[in-house]
Amino acid sequence: MMKKEEKYKTVLETIELLIKDEDDVISVMSTIACELYHAFEHFNWVGFYRLVDEKILKVGPYQGKHGCLSIPIDQGVCDKCARKNRVQIENDVRQIPYHMACSGETNSEIVIPARDKKGKVKAVLDIDSTEINSLDEIDENQLKIICEKIYPDKQ
Ligand code: SME
């Protein structure tokens, strides 16, 4: 079986190739969601929430069953990631009182900020996993690299 690092390497290469000449953020997000979702069997939801203003996150391109359309301020792991501008890894979501459950199949979750050039959070990449304790520093580091590709020199 291919190791996690190797899978991420392949995913990253594919994403880079596909978005090489693309500067539309939605197209880039859609491609990233698609590639990640299909690369890892335990990922049951991969997608983006965008900060449409300071009080609300709205769903963006995603793969998986339907996700919450909006996440209000102070609710959910995604909002925490956006407000703190910091990766959130929850390896047992049932232990997290503020976790917003979109699917009963989800057991762990990672959320990564997608920042513009100035470091401001514009969106978050949210990944749900069916497996408990399935997310770690490898996911964090690789997904950060992928998220840096979304707003390379745009505002
Ligand atoms: N679990 C997220 C909500 C979004 S769904 O997982 C797709 C959260 O707690 O912010």
(request) Work out, step by step, the length gained on full extension between residue 149 and residue 52: first 0.36 nm times the residue separation, then minus their alpha carbon distance; give nm to one decimal. (result) 32.9 nm
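Are there GluC sites (Glu not before Pro) in segment 65-126 that DSSP marks as loop and that have at most 14 other Cβ atoms within 10 Å, and which are they?
Numbers: sites: 90, 105, 109; in loops: 105.
When the GluC sites (Glu not before Pro) of segment 65-126 are filtered for loop state and at most 14 Cβ neighbours within 10 Å, 105 remain.
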(message) Report the Cα-based extents of the chain along its three principal axes, largest first, to the nearest Å.
(response) 42, 41, 25
(message) Sequence gap at least 6, Cα distance under 8 Å: using those rules, report the relative contact order of segment 1-112 to the nearest whole percent.
(response) 16 percent
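Please identify the DSSP H helices in the chain that span no less than 27 Å along the helix axis (Cα) and have a mean Kyte-Doolittle hydropathy of 1.0 or more. Intermediate results must be reported in sequence, preceding the final value.
Working: long enough: none.
Span-like helices here: none at all.
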(message) Run the paramagnetic zone check for residue 10: 7 angstrom along Cα to Cβ, then residues of segment 29-73 with backbone nitrogen under 18 Å.
(response) 32-44
(request) Could you tell me the distance between the Cα centroids of segment 7-26 and segment 135-155, to the nearest Å? (result) 11 Å
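Near residue 101, within a Cβ-to-Cβ distance under 13 Å, what is the net charge of the other residues, with Lys and Arg +1 and Asp and Glu -1? Show your work: numbers first, answer last.
Numbers: positive: 65, 94; negative: 90, 92, 105, 109, 126, 128.
In short, -4.
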(request) Would you list, by chain and number, the aspartates and glutamates whose Cα falls below 13 Å from the Cα of residue 120, excluding same-chain residues fewer than 8 positions away? (result) 53, 54, 148, 153
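Hey, what number do you get for the chain at 222 nm if only DSSP H runs of n ≥ 4 count, each worth -39500 (n - 2.57), divided across all residues, to the nearest 500?
Values: 4 runs with 51 residues, N = 155.
Computed mean residue ellipticity for the chain: -10500 deg cm²/dmol.
Quick note: the coordinates plus some simple rules give every number you see, no bench work behind them. None of the values given here were measured: they were computed from a predicted structure. Positions of Cβ are backbone-derived with ideal geometry, glycine not excepted, and every protein chain shown enters the neighbour counts.
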